Amino acid sequence: MTRNLTRRALISAAGAGALALAACGGAKTDGGEGAAPETLTPVSFVLDYSPNVNHTGIYVAIQKGWFAEEGIEVEIVPVPDDGSDALIGSGGANMGVSYQDYIANSLASANPMPYTAIAAIVQHNTSGIMSRAEDGITSAKGMEDHVYATWNMPIEQATIKQIVEADGGDYSKVQMVPYTVDDEVAGLRANMFDTVWVYEWWAVQNAKLQDYPVNYFSFADMDPVFDYYTPVIAANDAFAADNPELVKGFLRAAKRGYEFAAENPAEAAAILCEAVPELDVDLIQTAQEFISPEYISDASAWGEIDPARWAAFYQWLNDEGLVENQLDVNAGYTLDYLS
């Protein structure tokens, strides 16, 4: 698999991701470490994009047989062109991967989709701005008089405006070009843009592997309001209401998988690459080393969602007028299924 897992690709869930997912949906278990029930209940789970280290804990739990111990057979289904959220909300998938900002878009719409975040995959927002090291852009003010690659989303551009102005910069001096690349490092090399929104665990590690010098600063470090939850596991509301013990069992197995990946990044990366052979092994191993500590980080346990941090981001969306209708800042997630 080529190194083209951009943040834009992650959140748009384009067709290439669907092909990759279709290829890996038949992941096998190894029999597990405990006794599994004779009859397993299928649970369909849609990723947000092609398999990557955000999903390692799921693949580990499948391979170790921990879902089977909970009486669950996980069916990974292809992500549609319009992303995972619609599939979860419609019940086309029982559960899947989403983001707090995407759930906000749904909650603020005239017809919110019936799905809810039930666990955080990663505790902190690991995205930020990457640029060529030679340009010396080490904070948001430095984006002035440079070209930023945008995908023209209101929340995205409002975030850029907030961090630039908070850093004493003039947002009007940030030059915008459409985001048209699949590889941020290649785009920087070709001078297609000077700054780009990336996930540190992927694009920055990709740059290191290519020995391409870059600068990076994170949104969470610039303003705590941007330390929102991305990604999360979400469940269809009707499925969760009808099958609460099944959802709890799913999260117990997933928790074991992510705890294992947090403690054993090299082995966890190998499990992911074995399940999805087309992945770039070097990049997966490097990305896994970076992200494994982020699964739990400073939380008391994997999956926890801090109510104050969740609410702060939604309050900012309300205050900036970035949602169609005002959000209930405490909506969109539940901790009822975590144990």
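For the condition free of Cβ contacts under 8 Å to residues at least 24 places away in the same chain and either in the same structural domain as Asp48 (by TED's automatic domain parsing) or surrounded by fewer than 22 Cβ atoms within 10 Å (Cβ to Cβ) (or both), Pro112 qualifies. Evaluate the following for Tyr258: is it within 16 Å of the chain's Cα centre (by Cα), buried (at least 21 other Cβ atoms within 10 Å of the Cβ) and of a type in the set (Ser, Thr, Tyr)? In short, yes. Do any residues in the range 230-245 that are within 17 Å of Ser44 (Cβ to Cβ) have Cβ atoms under 6 Å from those of residues that are in a loop (DSSP other than H, G, I, E, B), where the two are at least six apart or on different chains, and which pairs are they? Going by the 6 Å Cβ cut-off, the qualifying pairs are Asn236/Gly91; Asn236/Asn94; Asp237/Pro114; Phe239/Asn94. Among the candidates Glu274, Glu320, the residue that is at pLDDT 95 or above and not aliphatic (A, V, I, L, M) is uniquely Glu274. Checked across the range 153-168, the condition of being farther than 30 Å from Pro307 by Cα and crowded, with 16+ Cβ neighbours inside 10 Å holds for no residue.
Taken over the range 189-244, the criterion of being farther than 22 Å from Asn52 by Cα, in the same structural domain as Glu70 (by TED's automatic domain parsing) and crowded, with 23+ Cβ neighbours inside 10 Å is satisfied by Asn236, Ala240. Quick check: anything in the range 128-141 more than 16 Å from Ala287 (Cα to Cα), out of contact with any strand residue (DSSP E or B) (no Cβ under 8 Å at 6 or more places or on another chain) and buried (at least 16 other Cβ atoms within 10 Å of the Cβ)? Looking through the range 128-141, at least one residue is more than 16 Å from Ala287 (Cα to Cα), out of contact with any strand residue (DSSP E or B) (no Cβ under 8 Å at 6 or more places or on another chain) and buried (at least 16 other Cβ atoms within 10 Å of the Cβ). Number of residues in the range 274-308 that are part of a helix (DSSP H, G or I) and either crowded, with 19+ Cβ neighbours inside 10 Å or under 16 Å from the mean Cα position of the chain (by Cα) (or both) equals 12.
Entry remark, the range 203-225: residues being in a helix (DSSP H, G or I) and either acidic (Asp, Glu) or in contact with a Gly (Cβ under 9 Å, 6 or more places away or on another chain) (or both) number 5 in total.
Can we say Ala268 is closer than 25 Å to Tyr102 by Cβ, assigned to a helix (DSSP H, G or I) and in the same structural domain as His55 (by TED's automatic domain parsing)? So Ala268 fails the test. Screening the range 49-161 for helices (runs of 4 or more DSSP H) wholly inside it with 1 or more residues that are closer than 30 Å to Asp319 by Cα and among the polar types (S, T, N, Q) returns the ranges 84-90, 100-107.
The values are calculated or read from the model by the stated rules, or taken from the named source; none is laboratory data. Please read these numbers as outputs of a predicted model, since none were measured by experiment. All Cβ positions, glycine included, derive from the backbone under ideal geometry; neighbour counts span all protein chains shown.
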